[in-house]
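Note sheet for the following structure.
The values are calculated or read from the model by the stated rules, or taken from the named source; none is laboratory data. These numbers were taken from a predicted model, which means no experiment stands behind them. With ideal geometry, Cβ positions are generated from the backbone for all residues, glycine too; neighbour counts draw on all protein chains shown. Each accessible area value is taken on the protein alone, full model and side chains, heavy atoms only, with ligands, DNA and RNA left out. Shrake-Rupley method; radii C 1.70, N 1.55, O 1.52, S 1.80 Å.
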Amino acid sequence: MTKRARSDQEDDGEVPEGYDVSRFERPSVAVDVALLTVDEGALRTLLLRRDAAPYRGRWALPGGFVGMDEALDDAAARVIEQKTGIRRVFLEQLYTFGAPKRDPRTRVITVAHYALVDPARLAEAREETRVATLEVPWEGETGGPVDAIGADGRALPLAFDHADILGMAVKRVRGKLDYTPIGFQLLPERFTLAGLQRVHETVLGRPLNKDSFRRRMLASGQLEATGDLQTGVDHRPAELYRFARRSAV
């Protein structure tokens, strides 16, 4: 391989001599994680109650500031584990939220992430977390804030712009559901076709035609029959499948 000649006016990224880092104001950078799951036909998330100002007493997504030597995705994984107790989850960057006044303390830019988990994993969550049901007031991929509903049926007061972050997470997952296999992250390792359809319907917020959905899924090459039938049901047991290309997380 031919080595490219280096110009006399190029360098290897050295910091200029005498460079003053204090010349420019530096915003803080945070990560917030919208953890989503589908449970009993509802789209749910995990929240924590803030015990300090600002927004003391309101509910917030698991979040925190990024360390100086920490990659963004590492910070998001750390925050999820530290704040909820749940580790090794499917995690992707979602969107950067940077409105100047989004945090009243100082200029804080947050790189939001979303995580998808099988609902059984909520049992791993710390006691101080709250499972809330998402109420999406818009159709399709319209987008916008969503409400987080508590066990008493009331909307929980959310801190910062976390209603917008949750709404963006729902919009993103809806948009990717048909052309990526992310929906399988919301299921146990083995599942029925009916269970897979319920996940899609819950995320999309609308019913799907049973026959066409099953034909499409079986023809996709993403499913692998396990040869087993579901147990513990009163009706005729359905065949169990697994995702043929489940990625390790």
Which members of segment 151-176 meet the condition of being of a type in the set (Asp, Glu) and assigned to a loop (DSSP other than H, G, I, E, B)? Asp152, Asp161
Within segment 182-196, can one find any residue that is more than 26 Å from Ala53 (Cβ to Cβ), within 18 Å of the chain's Cα centre (by Cα) and surrounded by fewer than 14 Cβ atoms within 10 Å (Cβ to Cβ)? yes
Within segment 202-229, the residues that are under 26 Å from Arg172 (Cβ atoms) and outside any helix (DSSP H, G or I) are Gly205, Arg206, Pro207, Leu208, Asn209, Ser220, Gly221, Gln222, Leu223
Phe97 versus (1) surrounded by fewer than 20 Cβ atoms within 10 Å (Cβ to Cβ); (2) closer than 17 Å to Ala30 by Cβ; (3) of a type in the set (Phe, Trp, Tyr): which is the lone unmet condition? (1)
Hits in segment 103-142 - residues which are in a loop (DSSP other than H, G, I, E, B), open to solvent by less than 80 Å² (accessible area, probe 1.4 Å) and over 17 Å from Ala34 (Cα atoms): Asp103, Thr106, Trp138, Gly140
Checked against (1) open to solvent by less than 60 Å² (accessible area, probe 1.4 Å); (2) assigned to a loop (DSSP other than H, G, I, E, B), Pro145 satisfies every condition except (1)
Out of (1) out of contact with any helix residue (DSSP H, G or I) (no Cβ under 9 Å at 6 or more places or on another chain); (2) loosely packed, with under 11 Cβ neighbours inside 10 Å, what's the single condition that is false for Gly41? (1)
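Of all the residues that make up segment 167-218, how many are basic (Lys, Arg) and within 24 Å of Glu135 (Cα to Cα)?
Residues of segment 167-218 basic (Lys, Arg): 171-172, 174, 176, 190, 198, 206, 210, 214-216.
Now restrict to residues that are within 24 Å of Glu135 (Cα to Cα): 171-172, 174, 176, 198, 206.
The total comes to 6.
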Enumeration of residues in segment 49-85 that are in contact (Cβ under 8 Å) with a residue 24 or more places away in the chain, open to solvent by 30 Å² or more (accessible area, probe 1.4 Å) and not in a loop (DSSP other than H, G, I, E, B): Arg49, Phe65, Leu72, Asp73, Lys83
Check segment 177-192 and report whether any residue there is over 27 Å from Trp59 (Cβ atoms), in contact with a Lys or Arg (Cβ under 9 Å, 6 or more places away or on another chain), free of Cβ contacts under 8 Å to residues at least 40 places away in the same chain and not in a loop (DSSP other than H, G, I, E, B). no
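Considering only segment 167-186, I want to know if a residue exists there that is among the small types (Gly, Ala, Ser) and over 23 Å from Val89 (Cβ atoms).
no
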